[in-house]
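Structure first, then comments.
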Amino acid sequence: MTTTPTATRQHTVVDSPYGALTLVATDGVLSGLYMTGQRHRPPEETFGVPDARPFGETVRQLHAYFAGELKEFDLPLHLHGTDFQRGVWSELVRIPYGETRSYGELADRLGKPGASRAVGLANGRNPVGIIVPCHRVIGASGSLTGYGGGLDRKQRLLAFERGSACEVPALF
């Protein structure tokens, strides 16, 4: 993730039913949501200064999501990536709550049939997990494949959204 030299970055850490979440803002706009142990998590020193001020609305919406009261996030995002990655991430937010799509279906929606592997790579680089719901993407056979936050978290998030979680997640 690259930023301009004049970009101001801040971060905060919040608890969630799925572990600690590090929120990162670039120039006051959410640009990262990273889970503990997440693959492709940027180095901590790139998160900027600790400052919870830019994240009030993000935390409010995350709280509502984990309480089962919010199905779709409405937050400004500052996403750093290639045009193709940003196209994939735009498709991710179109996957309805509680539903899944395959990598191939996303490739078709992007007008790039046969690019399911590239879609998977872009999905794995999603800098704002949960809010940009990369956990809703599955393999063509319906199998749970790769997830930067770990397959256990992916399975739990999908079960939660489908209302079949064994327990109600604790709120943070």
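Please treat every number below as a calculation from the coordinates, not as lab data. Note that the coordinates shown come from a computational prediction; the quantities given were computed from them, not determined experimentally. Here the Cβ is made from the backbone with ideal geometry for all residues, glycine too, and neighbour counts use every protein chain on show.
Just a few scattered comments:
- Computed label-point distance, nm, for sites residue 60 and residue 15 using a 7 Å Cα→Cβ extension: 2.2
- Point-to-point label distance, residue 29-residue 83, nm (Cα→Cβ direction, 7 Å offset): 1.9
- At R0 = 45 Å, FRET efficiency that the Cβ-Cβ distance of residue 7 and residue 140 yields, to 0.05: 0.70
- With a Förster radius of 30 Å applied to the C-beta separation of residue 40 and residue 67, the computed FRET efficiency comes to 0.60.
- Taking other residues whose beta carbon is less than 11 angstrom from the beta carbon of residue 127, and scoring Lys, Arg as +1 and Asp, Glu as -1, yields +3.
- Taking the inverse of the mean 1/r over every pair of distinct Cα atoms in segment 83-161 gives a Kirkwood hydrodynamic radius of 12.2 Å.
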